[in-house]
Amino acid sequence: MTRPHARNHARSALALAIASLAATAAFAAAQSDPATPDGVAGTSPPPAPAAVVERGRYIVATSGCNDCHTPWVMGEKGPEPDMSRMLSGHPSDMKLPPPPALPEGPWTTLTAATNTAFAGPWGVSYTANLTPHEETGLGLWTLANFRDTLRTGKHLGRGRDILPPMPWPVYGQLTDADIEAVYSYLRTIPAIDNQVPEPDPPAG
Ligand code: HEC
């Protein structure tokens, strides 16, 4: 009676040990992303496991990334994100006039119809292309580049400050595993060629 049970137990302990070894190896591989001096790796890491990608899809879908990084259009039921341009950022062909000056008072911020450009005391910010396009999106970003951006609020963790309304102080609190999941998912979505403009400084 006890022997088959003991054998099963030994077998599942072995399976567990193998699984955790594999997880450790994957983690080590992710941590050792080689970054070139400008912080951008030359080779893509191997694809992440399906469960990690799914976790990332779930976080992106429930954390509002599409609210700002996907251009909104007028649909039958009102404004909605145009998912054919999912997470591709402020459309390069949408050139905006300077924002109208606001009167003195409590109103401080203006939003373009696409919800991808925002004017406020910081100037005008345009949402980034989060797709894996290599020239215009995050295609060449390492996991470390992505994690450091969300954690420090600086481009690649050491460049210019990321402007409002990007809620990096919120997303910077995600665990390392969840940040890796978001990064892994973003690598699987369609790459869209869309060059987002640099922010405009405050007027005057
Ligand atoms: C309320 C609007 C808003 C939401 C929600 C939002 N973002 Fe952003 N995001 C922005 C804006 C605007 C910028 C550009 C800021 C700038 O140019 O300084 C930006 C920039 C970024 C950058 C930096 C790109 C770079 O080149 O440095 C990353 C990465 C990013 N967002 C990821 C995300 C992810 C992932 C989510 C969802 C978990 C998300 N954002 C949700 C508005 C938003």
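Work out, step by step, the length gained on full extension between S92 and T108: first 0.36 nm times the residue separation, then minus their alpha carbon distance; give nm to one decimal.
3.3 nm
Local charge sum around K154 (other residues, Cβ-Cβ under 10 Å, Lys/Arg +1, Asp/Glu -1)?
+1
How do H90, H133 rank when sorted from fewest to most other Cβ atoms within 10 Å of their own Cβ?
H133, H90
Provide the per-residue ³J(HN,Hα) series for region 129-141, in order, calculated from phi with Karplus coefficients 6.51, -1.76, 1.60 and θ = phi - 60°, each as a whole number of Hz, with x at glycine and proline positions.
Along region 129-141, the couplings run 7, 9, 6, x, 4, 6, 8, 10, x, 9, x, 9, 6 Hz.
Out of residues 5 or more away from T142 or on other chains, whose amide H comes under 5 Å of its own, with H placed 1.01 Å from N in the peptide plane?
Correct list: A41.
Here, each number is a calculation from the coordinates, and none is a lab measurement. Predicted, not measured: the structure shown is a model, and the values here were computed from it. Because the Cβ atoms are built from the backbone with ideal geometry, glycine has one as well, and the counts that use them run over all protein chains shown.
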